[in-house]
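One structure is given below, encoded as structure tokens.
Just so you know, all these numbers are worked out from the coordinates, no wet-lab data involved. Keep in mind that this is a model prediction, so the values were computed, not measured. Note that each Cβ is placed from the backbone with ideal geometry, even for glycine, and that neighbours are counted across all protein chains shown.
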2 protein chains.
Amino acid sequence: MAVNLAPPRAADLRPIPGVRIGVTEAGIRKADRKDLTVMLLDEGASVGAVFTQNRFCAAPVQVCREHLARGGIRALVINTGNANAGTGEDGLARARATCAALAKQLSLQPGQILPFSTGVIMESLPVERIQAGLPAAVADAAADHWLQAAQAIMTTDTLPKAFSSQVTIDGHTVSVTGISKGAGMIRPNMATMLGFMATDARVSQDAMHALALELAEGSFNRVTVDGDTSTNDSFVVIATNKAQHPRIDSLASAAGQQLKAAMLDVARQLAQAIVRDGEGATKFITVRVEGGKTAAECRQVAYAIAHSPLVKTAFFASDPNLGRILAAVGYAGIADLDQAGIDLYLDDVHVAVKGGRNPAYREEDGQRVMKKSEITVRVVLGRGTAADTVWTCDFSHEYVSINADYRS
Amino acid sequence: MAVNLAPPRAADLRPIPGVRIGVTEAGIRKADRKDLTVMLLDEGASVGAVFTQNRFCAAPVQVCREHLARGGIRALVINTGNANAGTGEDGLARARATCAALAKQLSLQPGQILPFSTGVIMESLPVERIQAGLPAAVADAAADHWLQAAQAIMTTDTLPKAFSSQVTIDGHTVSVTGISKGAGMIRPNMATMLGFMATDARVSQDAMHALALELAEGSFNRVTVDGDTSTNDSFVVIATNKAQHPRIDSLASAAGQQLKAAMLDVARQLAQAIVRDGEGATKFITVRVEGGKTAAECRQVAYAIAHSPLVKTAFFASDPNLGRILAAVGYAGIADLDQAGIDLYLDDVHVAVKGGRNPAYREEDGQRVMKKSEITVRVVLGRGTAADTVWTCDFSHEYVSINADYRS
């Protein structure tokens, strides 16, 4: 069902010096599938991360925050099949036990491990199965296992999501590779369900947190499938510092800007891949809002459109029932919005002028665009010069089927 | 598909002295259906109303606001099949032309008419068909045509919605009758799509606006189907002042409280009927949030639950995937919410204790409740004494079908 999303090829994913990845079948929820991943980092990596703003954040998110504050991260451990969220004190203990088990095996401190979980909420994490699986995962570790990890972290995803790029910084070529997962419960607020990116670039630890934030803002924080912000959203950015260029201490530097641009390109592909593989998605929709007083109000309008079940079902049906978009603009919560200033475009088709139907608009033009698999909705608010963009998908029978059957 | 909602019987709907209703087939969008309603008021009625907060409010809503400010309302005219929203200046002219046509026929001023439209957005109102149909609608007017009106204002509703009650005020029996319509694009913000209530009680015009507001707050402003706030939401309350009890000048008086309680009972039934007949609904869900610092934050949490596509599809599937409810609580936007204070109940079943799964909770207990057609979700926030309640329905394949096919 994924919209114009090709499965990644292992040969296209560049290994990152200083990162080795291993996966195994731990039998966490289902048999015969890889569901446990470890990501091992050489000493000296800088690590930044952003996490869900959901107040019901999962136990591993709470543990990650603690461990990141202490620094010296050397490994990540990721399980699918169980989110370890809504599990109270016992869930925290199980997340810590996972870290302790991997730390012991690697002769590290538990605080040097970051744990991640994704899957069903409010069920007890089978930590003994994770502990039993860790030796096989560590034994599997290799630099060219990014595709295996992208597969092992999937839940309702239909395709793994992984992208790479390269950029030259001060004459040195550095690589960027990332993976992500997620298809439902997607309305990230600081990060997606799970996203991991690494580069061998040299970046100070101080600059890493800002880098993670800015990458999330420009990618994962601009997508939505169903408006449900997950309890487990986590986005981690790793710089292994293996490259030979002068260290980047500030994103404002020329080298910082170059690296950020290259990483943002990968982050956007990862984020958009989640929408393209959105549960039941048949269309990829770009919602661009322009002419606002602030970017925040443009984003607010864009999300109102992107979350409207009526707009999303109209896209599914290829029905240019475009008044639903105007209705969503109207209830987006901008108190002093004047409908007489608003124009609406569907790709190149000018649908509404100053709040009313464009006299030149013909239904068949709207129909032509609605039948495409990639559509841009452009709303001009006519009250300023700010703009923002979010990406979303349509809302189909398949979404209901997937979420009515998810646990069965 | 409606959930435990019986069709109203004409004999149960009390006529309101001073109100006559007529309907006709005007062919506004479809042939062979009643789609035009007039409600004629004797001189001296008090009228209050609340309207959508959608900034893209429809042309008739704008005209209603103007006319209500001038007072002396004598008739309402309601069409289905076309919302006259997103229609700009031309739409305003067509709403005014509708009022002018009915005013001429009744020897009134156009400002004494309130116009209402519901149906497809951003299409031109066929005002000439309405004008042609008005004589037949007026000729049909009778005091016992409430059921006919409830049928004539339907769009995607599967059943008409109408309720009556009586109350004794200072020894005089007064009647209350109301009708409503709406099944999708339902997240009223001051009113539902269309709701009309009348009583023969004596109420001053000054008290009517407050009465309309308070009734809406306790009924239509507590329901949601899909979170889409309509462009046309209108709720009108009429007191024909025909009863003989002393005039109610303040809702705070004993008589005001009696009348309000009787009218609120009808308003809640009308509002809940919209949810019971929600597009594709198979379950009626009461979401009660207690233990908040303010009623507003309780409502915010309740709406986050009631709007979550994941929660709604889980109810459709009768799947006690209850972590999705906790996730919605977490992203409701209460910045200082402590998950360790939260309890969750499904009817009588205690599901979560202090943010984690209740050790005594058994899946089969959750399953038993989820299979019912009426379910109460109760969340205790553990941070105060305020509470609030909203009503919603589940999210089914049928919702997608209805909204993918609505215009076809």
Percent RCO, i.e. relative contact order, over chain A, from Cα pairs under 8 Å lying at least 6 residues apart: 18
Antiparallel bridges, percent of DSSP beta bridges restricted to the range A:284-405 (to nearest 5): 70
The range A:275-297 versus the range A:345-408: alpha-carbon centroid distance in Å: 9
For the range A:20-28, 3J(HN,Hα) per residue [Karplus equation, 6.51 cos²θ - 1.76 cosθ + 1.60, θ = phi - 60°, Hz, x = Gly/Pro]: 10, 10, x, 10, 7, 9, 9, x, 5
Residue with peak Gaussian network fluctuation, chain B [Cα springs, cutoff 10 Å], from B:VAL61, B:VAL167, B:VAL311: B:VAL167
Anisotropy class of the range B:21-76 from Cα gyration tensor, a/c 1.5 cut: oblate
Equivalent ellipsoid dimensions for chain A as semi-axes, Å, which come from the Cα gyration tensor, largest first: 38, 24, 18
Of all DSSP beta bridges in the protein assembly as shown, antiparallel share, percent nearest 5: 70
Neighbourhood net charge (15 Å Cβ-Cβ; Lys/Arg +1, Asp/Glu -1) for B:VAL301: +1
Pairs of Lys in chain A closer than 12 Å at Cα, counting only those 8 or more apart or on different chains: 4
DSSP-loop chymotrypsin sites (Phe, Trp or Tyr not before Pro) across the range A:228-309, with at most 16 other Cβ within 10 angstrom: none
Between helix B:59-70 and chain B: long-axis angle, C-alpha atoms, 0 to 90°, nearest 10: 70
Loop trypsin sites (Lys or Arg not before Pro), the range B:257-319 (other Cβ atoms within 10 Å of the site Cβ: 15 or fewer; DSSP): B:LYS293
Shielding of B:340-346 by partner chains, average beta-carbon count, 10 Å: 1
Mean ellipticity per residue at 222 nm, deg cm²/dmol - from DSSP H runs of n ≥ 4 across chain B, formula -39500 (n - 2.57): -10000 deg cm²/dmol
A:ASP35, B:ASP12 arranged by Cβ crowding within 10 Å, fewest neighbours leading: B:ASP12, A:ASP35
Rg/Rh ratio calculated on Cα atoms of the range B:284-405 (Kirkwood radius): 0.97
Footprinting exposure proxy for A:SER396, B:SER373, B:SER318 (fewest neighbouring C-beta atoms within 10 Å first): B:SER373, B:SER318, A:SER396
For the range B:1-159, share of DSSP beta bridges that run antiparallel, in % to the nearest 5: 60
Cβ-based net charge around A:LEU381, under 13 Å, with every Lys or Arg adding one and every Asp or Glu removing one: +1
Net charge over other residues, Cβ less than 9 angstrom from the Cβ of B:THR24 (K, R count +1; D, E count -1): -2
Whole-number percent relative contact order across the range B:284-405, with pairs defined as alpha carbons under 8 Å at least 6 apart: 47
Angle between chain A longest axis and helix A:205-217 axis [Cα atoms, degrees, rounded to 10]: 30
Inter-copy separations for A:ALA139, label at 7 Å along Cα-Cβ, nm, ascending: 9.1
Using alpha carbons only: equivalent-ellipsoid semi-axes of the protein assembly as shown, gyration tensor based, whole Å: 54, 29, 21
Charge-dipole axis of the protein assembly as shown as Lys and Arg at +1 and Asp and Glu at -1 on Cβ define it, positive-most pick from A:HIS307, B:VAL38, A:GLN257: A:GLN257
Averaged over B:51-58, number of beta-carbon atoms from partner chains that fall within 10 Å: 6
Acute angle (nearest 10 degrees) that the helix B:295-307 long axis makes with the longest principal axis of chain B, alpha-carbon atoms: 90
Percentage of interatomic Cα-Cα distances in the range B:110-157 larger than 14 Å: 68
Residues B:SER124, A:SER175, B:SER234 arranged by fewest to most Cβ contacts within 10 Å: B:SER124, A:SER175, B:SER234
Using a 7 Å Cα-to-Cβ projection, B:GLN166 label spacings across copies, nm, ascending: 8.8
